[in-house]
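Peer 1: Take this structure first; my questions come after.
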Amino acid sequence: MCFQNSSIETEIISIRAGEKIHESLISNDELRNTFEKNEDYVIIDKQLQDSGYLDNNNVIQTKLDYQYSSDKVDLLTIDKLKELLVSEKLI
């Protein structure tokens, strides 16, 4: 990958043994404790659920019915990624 107008040299290497290609963010086992708040997923343990936390923090049980992982989401285009990095003042 090369960045336009960059003097940084990069080297493309192959995947290494044991290296992950995708990351699991919410496993199937965690789905029962997964809630949504605005646009975020929140995993709340059973003890906190029983304490009334859910009622006071405007969270709802997720509608996800499958593991949430990086291979199941749409990839950003290069232009969209650049736009996001600029808007967050990261570049």
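Here, each number is a calculation from the coordinates, and none is a lab measurement. Note that the structure is a prediction, hence the values are computed from the model and not measured. Because the Cβ atoms are built from the backbone with ideal geometry, glycine has one as well, and the counts that use them run over all protein chains shown.
Peer 1: Could we say that Asp71 is charged (D, E, K, R) and touching a helix residue (DSSP H, G or I) at 6+ places or on another chain (Cβ under 8 Å) here?
Peer 2: Judged against the criteria, Asp71 is not a match.
Peer 1: Being in contact with a strand residue (DSSP E or B) (Cβ under 9 Å, 6 or more places away or on another chain), assigned to a loop (DSSP other than H, G, I, E, B) and of a type in the set (D, E, K, R) is the filter; apply it to the stretch 11-65 and report the residue that is nearest to Leu75 (Cα to Cα).
Peer 2: Applying the filter and picking the extreme gives Glu23.
Peer 1: Additional query: Select from the stretch 59-88 the residues that are surrounded by 10 or more Cβ atoms within 10 Å (Cβ to Cβ) and polar (S, T, N, Q) and list them in ascending order.
Peer 2: Correct list: Gln61, Thr62, Gln67, Ser69, Ser70.
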